[in-house]
Amino acid sequence: MPFLSETLARVSPSPTVAVTQKAMELKAAGHDVIGLGAGEPDFDTPDTIKAAAIAAIEAGKTKYTPVDGIPEVKKAICDKFLRDNDLHYTPSQITVSTGGKQVLYNALLATLNPADEVIIPAPYWVSYPDMVRLGGGTPVIVETALENGFRLTPEALEAAITPKTKWFIFNSPSNPTGAGYTRDALKALTEVLMRHPHVWVMTDDMYEHLVFDGFEFCTPAQVEPGLYDRTLTVNGVSKAYAMTGWRIGYAAGPEHLIAAMRKLQSQSTTNPCSISQWATVEALNGPQDFLSERCEVFRKRRDLVVEALNSAIGITCAVPEGAFYVYPSIEGCIGKTSARGTLIDTDEAFATALLEEQGVAVVFGAAFGLSPYFRVSYATSDALLAEACRRIQTFCAGLN
Ligand code: GLU
């Protein structure tokens, strides 16, 4: 009898977390490594949010809380959905967990049965398919293409739906491509979903506030109110408010789904960190003007990176609408050999050789389900980005 579970054997460790840790270890050991792997803003958490957390500690808010969130944070989340997304929710429709990751995990584990299928457009954030597998379901991967801006077409969505489809996972702006769906593009998808009333929508809106050039963010239940009763709208404070380590994600959806997720969470982590919940109240209720200032910083970095990568031999990089990622194609590098003699036959080989030969850490495309590409997280300083891009150009120029 094996000691480890068969369920665990169906999944792999998170590649984004692995690359981030590897880059940190190499740096700590004194290596000259630039990490473009971590999906984490380099900004600090705003002082007002830190102050709210300190005040919560001093006021003794250090005990268990209701499983899926204190009333104050649920109220702040309801207000946020109304303010930003025109969505009306009551506190009983809100759940708060330890990061967006736990929200998604709770929702999938609370709802999936063995024959269930979950449609996931590729490239996807690495954890979606593995969470589906952990829940005993089957991920149905639908590839998108660089030529379509990495956006799923309504035809491809329609073709992927079967009687077994339970969820459609939607993510805009996307991790790892930064691709955003306009209202019209999203409406074309929601029209398909309206024809299939058994399909539920899980929308991961984590990058909502990171959009550029006047792009208008929208979310499925807002674009098509007919989907409200079968949509779980997921969001969190990690990316917009630079609060990754605080671990707070949240979602809104039908009460019976929220209750099922609460039941599951009551048997795992109980409540998310009490201090982080109070910090989140301040994040959502407090000043929001720094969001657009930080967006402008990210927009400039995006432009810097896209231009520099497009001048690397063999690389083609699209201009994304949001998030802090680009997803360049390395089609023109495949089959070549690196300066130190490594055959670049896959995007994993490319990323490994780039780290070993030039000290730049990126995540290879196969991890996100679409090759040959790699993901760059440009949430780091302009100086480091410029140096990293210079090294990527050198690496590509050395391929033959
Ligand atoms: N979501 C971030 C990323 O894609 C953080 C790491 C993770 O949880 O995957 O890099």
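The values are calculated or read from the model by the stated rules, or taken from the named source; none is laboratory data. Only a predicted model underlies this, so the values are computations on that prediction, with no experimental measurement involved. A quick note on method: Cβ atoms are made from the backbone with ideal geometry, for glycine too, and the neighbour counts reach across all protein chains shown. What goes into the accessible areas is simple: the full protein's heavy atoms, side chains included, and nothing from ligands, DNA or RNA. Shrake-Rupley method; radii C 1.70, N 1.55, O 1.52, S 1.80 Å.
Might you check whether a residue that is in contact with a Phe, Trp or Tyr (Cβ under 8 Å, 6 or more places away or on another chain), in a helix (DSSP H, G or I) and surrounded by fewer than 24 Cβ atoms within 10 Å (Cβ to Cβ) occurs anywhere in the stretch 85-92? No.
Taken together, the residues in the stretch 127-141 that are of a type outside the set (S, T, N, Q) and out of contact with any Ser or Thr (no Cβ under 9 Å at 6 or more places or on another chain) amount to 5. Checking Ser276, Ser292 one by one, the residue that is exposed (fewer than 15 other Cβ atoms within 10 Å of the Cβ), under 30 Å from Lys50 (Cα atoms), under 23 Å from the mean Cα position of the chain (by Cα) and among the hydroxyl-bearing types (Ser, Thr, Tyr) is Ser292 and no other. Considering only residues that are in a loop (DSSP other than H, G, I, E, B), over 22 Å from Val306 (Cβ atoms) and under 23 Å from the mean Cα position of the chain (by Cα), which ones fall in the stretch 321-354? Once the filter is applied, which keeps residues that are in a loop (DSSP other than H, G, I, E, B), over 22 Å from Val306 (Cβ atoms) and under 23 Å from the mean Cα position of the chain (by Cα), the stretch 321-354 yields nothing. Pairs are defined by a Cβ separation below 7 Å, a sequence spacing of at least 6 or placement on different chains, a first member in the stretch 229-240 that is over 9 Å from Trp200 (Cα atoms) and charged (D, E, K, R), and a second member that is within 16 Å of the ligand (Cβ to nearest atom) and at pLDDT 95 or above; the pairs so defined are Lys239/Met206; Lys239/Tyr207; Lys239/Leu210. Are any of the residues in the stretch 110-119 of a type in the set (Ser, Thr, Tyr) and within 24 Å of the chain's Cα centre (by Cα)? Yes - at least one qualifying residue is present in the stretch 110-119. Of Phe364, Phe368, all but one fail to be within 19 Å of Ala23 (Cβ to Cβ), open to solvent by less than 10 Å² (accessible area, probe 1.4 Å) and either of a type in the set (Lys, Arg) or within 16 Å of the ligand (Cβ to nearest atom) (or both); the exception is Phe368. Residues in the stretch 145-160 include at least one that is touching a Phe, Trp or Tyr at 6+ places or on another chain (Cβ under 7 Å) and open to solvent by 50 Å² or more (accessible area, probe 1.4 Å). Scanning the stretch 335-360 for residues that are over 12 Å from Phe395 (Cα atoms) and buried (at least 16 other Cβ atoms within 10 Å of the Cβ) returns Thr346, Asp347, Glu348, Ala349. Considering only the stretch 184-194, I want to know if a residue exists there that is in contact with a Phe, Trp or Tyr (Cβ under 7 Å, 6 or more places away or on another chain) and not aromatic (Phe, Trp, Tyr). Looking for residues that are in contact with a Phe, Trp or Tyr (Cβ under 7 Å, 6 or more places away or on another chain) and not aromatic (Phe, Trp, Tyr), one finds at least one in the stretch 184-194, hence yes. Residues considered: Thr233, Thr280. Of these, the only one that is under 21 Å from Asn175 (Cβ atoms), touching a helix residue (DSSP H, G or I) at 6+ places or on another chain (Cβ under 8 Å), more than 16 Å from the ligand (Cβ to nearest atom) and assigned to a helix (DSSP H, G or I) is Thr280. Kindly indicate whether Arg302 is at pLDDT 95 or above, surrounded by 20 or more Cβ atoms within 10 Å (Cβ to Cβ), on the phi < 0 side of the Ramachandran plot and not in a helix (DSSP H, G or I). No. Evaluation of Leu210 against the conditions (1) in contact (Cβ under 8 Å) with a residue 24 or more places away in the chain; (2) more than 16 Å from Tyr181 (Cβ to Cβ); (3) within 16 Å of the ligand (Cβ to nearest atom) shows that the sole unmet condition is (2). One residue stands out among those in the stretch 316-333 that are closer than 30 Å to Asp204 by Cβ and free of Cβ contacts under 8 Å to residues at least 60 places away in the same chain: the one that is farthest from the ligand (Cβ to nearest atom), which is Glu331.
The set of residues in the stretch 1-34 being within 13 Å of the ligand (Cβ to nearest atom), open to solvent by 60 Å² or more (accessible area, probe 1.4 Å) and either more than 24 Å from the chain's Cα centre (by Cα) or over 20 Å from Arg391 (Cα atoms) (or both) consists of Ser12, Pro13, Val17, Gln21.
Of all the listed residues (Arg195, Arg247, Arg151), the sole one being among the basic types (Lys, Arg) and touching a residue at least 40 places away in the same chain (Cβ under 8 Å) is Arg247.
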